[in-house]
Amino acid sequence: DAGVHSKAWYAATCDRKTAEDALYRSNKDGSFLIRKSSGQDSRQPYTLVVFYNRRVYNIPIRFIESTRQYALGREKSGEERFDSVAEIVENHRRTSLVLIDSQNNTKDSTKLKHIVRVS
């Protein structure tokens, strides 16, 4: 269990557009929620959606079958792995999350600060 179902930041049935609209409305850096990923892929079950600097980032959360852990974004050497999605959220409330904008090739970072609820 990823530890998401009882959490305020988990928007279970929310699609990408609904999540992005909710974050744009919040308009606060560090606003976030977690939604189920659009594709039905067991290796990427969730997406972390973060608002920063007037942009919304959709960061895939991967499930690593071999270790039964979770990690953010594309696989990379030395990546942080977590035992639950809740641990990812707790960690990035304390330490900054790197946001990579692949279109403009820029990097930003923010902490997860404001839970956005999708109505």
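Using θ = phi - 60° in the Karplus curve 6.51 cos²θ - 1.76 cosθ + 1.60, the 3J(HN,Hα) couplings for the stretch 71-78 round to 8, 9, x, 6, 5, 8, 6, x Hz; x is entered for Gly and Pro. Could you give the longest part of the chain that holds none of the GluC sites (Glu not before Pro) found in DSSP loops with at most 11 neighbouring Cβ atoms within 10 Å? Of all site-free stretches, the longest is 1-64.
With the simple spin-label model, which puts each label point 7 Å out from Cα in the Cβ direction, the Arg93 to Lys7 separation comes to 1.0 nm. In the stretch 16-115, the DSSP beta bridges split such that about 90 percent are antiparallel, to the nearest 5. Positive contributions from Lys and Arg (+1) and negative ones from Asp and Glu (-1), summed over other residues with Cβ under 12 Å from the Cβ of Lys113, come out at +3. Residues whose amide H comes within less than 5 Å of that of Lys111, counting only those at least five positions distant or on another chain, are Leu97 (H built at 1.01 Å from N in the peptide plane). Annotation: amide H-H contacts under 5 Å for Val118 (H modelled 1.01 Å from N, sequence separation of 5 or more, or interchain): none. The trypsin sites (Lys or Arg not before Pro) of the stretch 1-103 meeting both criteria, a DSSP state outside H, G, I, E and B (loop) and at most 13 other C-beta atoms within 10 angstrom of the site's C-beta, are Lys28, Arg43, Arg54, Arg68, Arg74, Lys76.
Calculated from the structure at hand, semi-axes √(5λ) of the Cα gyration tensor in Å is found among [x] 21, 20, 10; [y] 39, 21, 7; [z] 20, 17, 14 as [z]. Extension gain, Asp21 to Arg74, is 16.6 nm, computed as 0.36 nm per intervening residue step minus the present C-alpha separation. Along the charge dipole of the chain, which of Phe51, Asn105, His5 sits closest to the positive end, that is, farthest toward it, with unit charges on the beta carbon of Lys, Arg, Asp and Glu (+1, +1, -1, -1)? Of the candidates, Phe51 comes out farthest on the positive side.
Excluding same-chain neighbours fewer than eight residues apart, the lysines reachable from Lys113 by a Cα-Cα span under 25 Å are Lys7, Lys17, Lys28, Lys36. As a fraction of the 1.4 Å probe accessible area of the stretch 1-114, surface on carbon and sulfur atoms comes out at 43 percent.
Per residue, the solvent-accessible area of the stretch 16-115 (1.4 Å probe, heavy atoms of protein chains only, all protein chains present) comes to 59 Å². Charge dipole (Cα centre; +1 on Lys/Arg Cβ, -1 on Asp/Glu Cβ; no other charges) of the stretch 16-115 amounts to roughly 280 debye.
The values are calculated or read from the model by the stated rules, or taken from the named source; none is laboratory data. It should be emphasised that the depicted structure is a prediction, and the values quoted were computed from it without experimental measurement. Counting neighbours? That spans all protein chains shown, and the Cβs are built from the backbone with ideal geometry, glycine included. SASA here: full protein model, heavy atoms, side chains in, ligands and nucleic acids out. Shrake-Rupley method; radii C 1.70, N 1.55, O 1.52, S 1.80 Å.
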